[in-house]
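What follows is a set of notes on a single structure, which appears directly below.
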Amino acid sequence: MAPPAPAEADPAVVVRVDGNNVARLGRPKPGPRPRQLLSLPPFPAAGGLPGRKAVAAAGAPRMRMVTAVSWVKHYLADVPQEVVQAHFNKRMVYSECSDHEASVDCIKSQKHHLKKIKHNDVMEPGMRIHLAVSVAEGEIKKRYETIPTATLHPNKDEIEYLRRLVIHKDSSILVLNKPPKVPMKGNLPVHNSMDVLAAAALSYGNEEGPKLVHRLDRESSGLLLMGRTKESFTRLHWLFTSVNLAKTNSEGWNAACEAYMQRYWALVIGTPKEREGVISAPLSKVLLDDGKAERVILAHPSGVDGAQDAVTAYRVLGPTINGCSWIELRPLTGRKHQLRVHCAEALGTPIVGDYKYGWFVHQRWKQNPQPDFEPFTGEPYKLRRPEGLEIQKGSVLSKVPLLHLHCREMVIPNIAKFLSSNGEWHENGTPWSKEKPNLLRFVAPMPAHMKISWNIMSSYLV
């Protein structure tokens, strides 16, 4: 006797178990829809980009080498370059596999014989590129570039709020005290960014709105500089990139550029070993989650991973209270997340509220609070909570503190003294502004959650 042969399973019927643990027969769920791809025309057999001159090699003209990203940017000229680069970073650009290239990975990634390509892959005659249709959505440019400023019509409350943030305005620049949680640059899902709102409400009659000279992180706060004209934006952007790049033949302007400075205040977990010093630690970027996210890390000493020099001067402002210390940071270079990475990885004291670079330290800090001591007597000190103070607003004592990083002070050249309203540059200053100073200094008050932390930690001095 032999058991009966098993019945063939019907692929159109599967067993499903619902939330009440009841099994039912039903049709399988539909699989993921195939990715919609946008196909570009084949790369021309002649090679090179149309309109690009050939390079002479040994008497015969030779076409320049064209990379995949150059070909996509040439064909999709209306799409912002950063959108095209983002699709390459996310590995959403493909090319057709030839018969001898049709590997298992190639067939596995797409039903059609497509392979993922990198931005620096060289184009060959007849090569055809396919990329996600989402790249076409990038044709929506910045709002202040596609829509006239006068037609955005922000409401009265928005205009009043934005203008209250302005702490200085002249013919060349605007200086704002940026609040936390406001993004800097707008994109498709972000419409309330600082650049779009400022261009809409802070044009003050100019044809173009002000443009960001530098950036602050979304969660950070403090002084934000914007150029009101193309000339002022360009020269100040050079200054923030490199002091030597912004220098001219004017001694007064060059001396003012040398005095340029930014100071940040930050509350960090722990305290640096040295009370003051200079951090010189190059930074590099790594892509995570298949290119969907990035993280800045300290570069390898070999310097083979595309590192960028990053220098920060720091100074401890006071004693350690509740396991935290106030420090002053002065960036001498302008790299993305420079201060946050230098504090977390170089000093070993991440900024309070910086969960990207100090998550594990935050966990230990909240679970094992450190005892505090009086700075003069050395006796144990119990942190007092001042009466009437709301501590659950992102301060150091709240369960989830906000980022405690604030651009406190800025010293910049008075560019309005050297730049006339019509864009003409005056090496010795405009004749009508001889009495104006060569330098401007701004100080921005801290946001509410940092003020609360400052008052809490300073309460023992009262």
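Hey, what's the range 319-364 come to in accessible area per residue, 1.4 Å probe, Å²?
Accessible area per residue: 37 Å².
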note = To the nearest 0.05, the calculated FRET efficiency linking LYS393 and ILE159 through their beta-carbon distance, R0 being 30 Å, is 0.70
remark   = Residue separation between LYS116 and LEU37 times 0.36 nm, minus their alpha-carbon distance, gives in nm 27.2 nm
Approximate spin-label separation ARG330-GLU207, in nm, with each point projected 7 Å along Cα-to-Cβ = 4.2 nm
query = Rounded, prolate or oblate: which fits the range 249-358, taking a ≥ b ≥ c as square roots of the Cα gyration tensor eigenvalues, rounded meaning a/c under 1.5, else prolate when a/b beats b/c?
reply = oblate
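Given a 1.4 angstrom probe, I'd like the percentage of the accessible area of the range 286-365 that is carbon and sulfur, rounded to a whole number. Write down the numbers at each step before the final one.
On the way: 1960 of 3700 Å².
On the range 286-365, the fraction of accessible area on carbon and sulfur atoms equals 53 percent.
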Where a label projected 7 Å from the Cα of SER280 along Cα→Cβ would reach, residues of the range 329-349 with amide N under 15 Å = 332-333
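Could you work out how much longer the chain between THR67 and ARG128 gets when fully extended? Use 0.36 nm per residue separation minus the Cα distance between them, nm to one decimal. Don't jump to the answer; show the numbers that get you there.
Details: separation 61, 0.36 × 61 = 21.96 nm, distance 1.26 nm.
My answer for the length gained is 20.7 nm.
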ask   = Going by the alpha-carbon gyration tensor, a ≥ b ≥ c the square roots of its eigenvalues, is the range 202-284 rounded (a/c under 1.5) or, if a/c is not under 1.5, prolate (a/b greater than b/c) versus oblate?
value = oblate
task = Between ASP289 and GLU435, with labels modelled 7 Å along Cα→Cβ, what's the label distance in nm to one decimal, could you check?
result = 5.7 nm
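Between LYS247 and SER171, what FRET efficiency follows from the Cβ-Cβ distance if R0 is 22 Å, with the result rounded to 0.05? Intermediate values should be presented prior to the final figure.
Working: r = 22 Å, r/R0 = 1.01.
After rounding, the FRET efficiency stands at 0.50.
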message = Can you give me the distance in nm between label points at VAL311 and TRP359, each placed 7 Å from the Cα along the Cα-to-Cβ direction?
response = 3.4 nm
query = Could the peptides 436-442, 417-423, 334-340 be put in order, highest first, of the mean number of other beta-carbon atoms found within 10 Å of their residues?
reply = 334-340, 417-423, 436-442
task = With a 10 Å radius around each residue's Cβ, average the other Cβ atoms per peptide and rank 246-254, 314-322, 75-83, 265-273, highest first.
result = 265-273, 314-322, 246-254, 75-83
inquiry  = Compute the distance from the alpha-carbon center of the range 420-462 to that of the range 257-294, in whole Å.
reply    = 22 Å
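For each pair in LYS185/LYS273; LYS116/LYS181; LYS156/LYS285; LYS292/LYS399; LYS156/LYS436, compute the distance between the two Cα atoms and list the pairs where it is over 31 Å. Intermediate values should be presented prior to the final figure.
Working: LYS185/LYS273 36 Å; LYS116/LYS181 36 Å; LYS156/LYS285 41 Å; LYS292/LYS399 29 Å; LYS156/LYS436 34 Å.
From LYS185/LYS273; LYS116/LYS181; LYS156/LYS285; LYS292/LYS399; LYS156/LYS436, over 31 Å: LYS185/LYS273; LYS116/LYS181; LYS156/LYS285; LYS156/LYS436.
Counting only protein heavy atoms, what percent of the accessible surface of the range 191-248 is carbon or sulfur at a 1.4 Å probe? Don't skip to the answer; put the middle values down first.
Values: 1210 of 2520 Å².
Accessible surface attributable to carbon and sulfur in the range 191-248 totals 48 percent.
The values are calculated or read from the model by the stated rules, or taken from the named source; none is laboratory data. All of these numbers come straight from a predicted model, not from anything done at the bench. Neighbour counts run over all protein chains shown; Cβ positions are idealised from the backbone, glycine included. Heavy atoms of the whole protein, side chains included, go into the accessibility calculation; ligands, DNA and RNA do not. Shrake-Rupley method; radii C 1.70, N 1.55, O 1.52, S 1.80 Å.
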